[in-house]
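Report on the following structure.
Bear in mind these aren't lab numbers, they're just calculated from the coordinates by the rules spelled out. Computed from a prediction, not measured in an experiment: that's the story for all the values here. Cβ placement follows ideal geometry from the backbone for every residue including glycine, while neighbour counts extend to all protein chains displayed.
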Amino acid sequence: MLKLLTIIGARPQIIKAAALSRAIKNDFQGQITEVIVHTGQHYDENMSQVFFDELDIPQPNYNLNVGSGTHGKQTAAMIDGIEEILLKEKPSAIVLYGDTNSTLAGAIAASKIHVPVVHIEAGLRSFNKSMPEEINRIMCDHVSTLLFSPTKAGYQNLIKEGFKENNTAPYSIDNPKIYHCGDVMFDNSLHFSEIAEKKSGIIDQLKLTKNDFVLATIHRNNNTDEPERLHAIFSALDKITKQHQIKIVLPLHPRTAKLLSQNLNAELYSSIKTNKQIVITEPVSFLGMIALEKNAQLILTDSGGVQKEAFFFEKPCIILRTETEWTELVDCNAAIVTDANENKIIDTFNYFIKNRPASFPKLFGDGKAAQFICSEIVKHIS
């Protein structure tokens with residue numbers, strides 16, 4: 001039986017891992033066993049444990065409890081911990097998701113001791129190497145044996161970087177296989193959409209009217225840590241609520257919550273705190289987030305995952321960054337990149353209120369990406 005060592009470290013990875021764990025449980029129980037390692041890089045009870053509980057993910061077999069820290073210290077601690085577990089467990093392959101420091105750490109630890117790397121969400125590129133995530137995803141791709149890209153654009157990025165389309169088995173770090181397979185997050189959104197409607201009471205709890213509120217999420221360091229950028233974003237949100245008399249629901253990442261009073265000037269901070277149209281909440285569960293996304297009129301975010309989920313639920317999206325890895329969303333006019341530009345955020349909001357995207361083409365597969373990934377792992381990892 002194949003043994004997979006799955007590395008998770010941040011909230012989005014926990015969610016992505018749910019799709020693969022579900023596929024293993026339902027369709028590959030006799031062929032694959034999974035060992036889950038939580039690096040604990042940003043561990044918070046509200047941000048992590050609740051996801052294991054409500055998504056029915058197996059509890060981690062290991063938790064490295066790395067915690068926060070500089071990129072170097074955090075990544076080094078994870079490399080050390082992951083290598084020790086790899087040597088103990090002797091897995092057939094390591095499974096890595098996305099682009100966090102735990103992804104980089106897993107890729108380095110495994111490749112150095114010749115454990116095959118399976119990278120889910122391969123090929124994504126922002127073409128901005130000032131982003132730590134860009135470095136992490138590039139490094140991981142180039143030591144992987146099986147690379148699963150959720151989009152055609154990601155697949156083409158890999159080809160442009162020298163990966164070959166028609167490699168033949170057996171596959172290895174020197175002879176990798178690339179796939180365009182669809183998105184495990186689309187699998188999850190389909191699976192959990194109806195469950196969220198039944199189990200999550202967040203719409204009623206926050207006294208929201210379906211399709212008559214806006215959802216916003218802000219967590220990226222360059223938005224939260226830079227006063228000018230954070231001020232521009234929150235000034236735009238404040239003005240939008242007053243201009244349109246519409247509620248904006250803002251589940252605040254702990255990092256953002258701490259920095260609001262510090263990085264907003266006193267006048268704007270006071271306006272945000274007293275604005276009854278801005279509904280600030282603690283981080284919500286995955287099912288709660290699905291319910292908010294599904295019932296929002298429009299979404300503003302600097303999160304890559306939320307950009308996609310907006311698309312899954314056919315909601316226009318304003319991207320509060322300089323670029324996006326999900327270029328297809330912009331190409332089909334379902335999303336617009338505004339950066340932290342106050343006027344552009346407001347103008348784009350006004351545009352989307354009057355001009356809904358004409359269509360949301362099926363870009364992310366058929367909802368069975370996880371099953372396909374498992375079948376290819378069984379076929380090509382010995």
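State whether the chain is rounded, prolate or oblate according to the following rule on the C-alpha gyration tensor (a ≥ b ≥ c being the square roots of its eigenvalues): a/c under 1.5 gives rounded; otherwise a/b larger than b/c gives prolate, and the remaining case gives oblate. The shape class here is prolate. Over all other residues within a Cβ to Cβ distance under 14 Å of Ala19, the charged ones net out to -3, with Lys and Arg as +1 and Asp and Glu as -1.
From helices alone, the chain scores -14500 deg cm²/dmol at 222 nm; the rule is -39500 (n - 2.57) for each run of n ≥ 4 DSSP H residues, then divide by the residue total.
Relative to the longest principal axis of the Cα atoms of the chain, the long axis of helix 342-354 makes an angle of roughly 90 degrees.
Each of the peptides 12-21, 333-342, 352-361 was scored by the mean count of other Cβ atoms within 10 Å over its residues; in descending order, highest first, they stand as 12-21, 333-342, 352-361. As I understand it, the value is the acute angle between the Cα axis of helix 286-295 and the longest principal axis of the Cα atoms of the chain; what does it come to in degrees, rounded to 10? The angle comes out at about 50 degrees.
For region 316-339 and region 126-172, compute the distance between their C-alpha centroids and round to whole Å. Value for the Cα centre distance between the two parts: 21 Å. Modelled spin labels at Met1 and Gln277, positioned 7 Å past Cα toward Cβ, are 5.7 nm from each other.
In plain terms, the chain from Asn63 to Ser130 could stretch by 21.2 nm, reckoned as 0.36 nm per residue minus the Cα-Cα distance.
Over region 261-342, one equal point on each Cα, no solvent: what is log10 I(q)/I(0) by the Debye formula at q = 0.20, 0.24, 0.27 Å⁻¹? Taking Cα atoms of region 261-342 as identical point scatterers yields -1.00, -1.15, -1.24.
What the Cα convex hull of region 190-354 gives, in volume per residue, is 105 Å³. Take each peptide in 277-288, 56-67, 294-305, count the other Cβ atoms within 10 Å of every residue, and average; sorted highest first, the result is 294-305, 277-288, 56-67.
Equivalent ellipsoid of region 62-221: semi-axes from √(5λ) of the C-alpha gyration tensor, largest first, are 32, 22, 17 Å.
Taking Cα atoms only, the orientation of helix 184-199 departs from the longest principal axis of the chain by about 50 degrees. Most tightly packed first, judged by the mean number of other beta-carbon atoms within 10 Å of their residues, the peptides 152-164, 87-99 read 87-99, 152-164.
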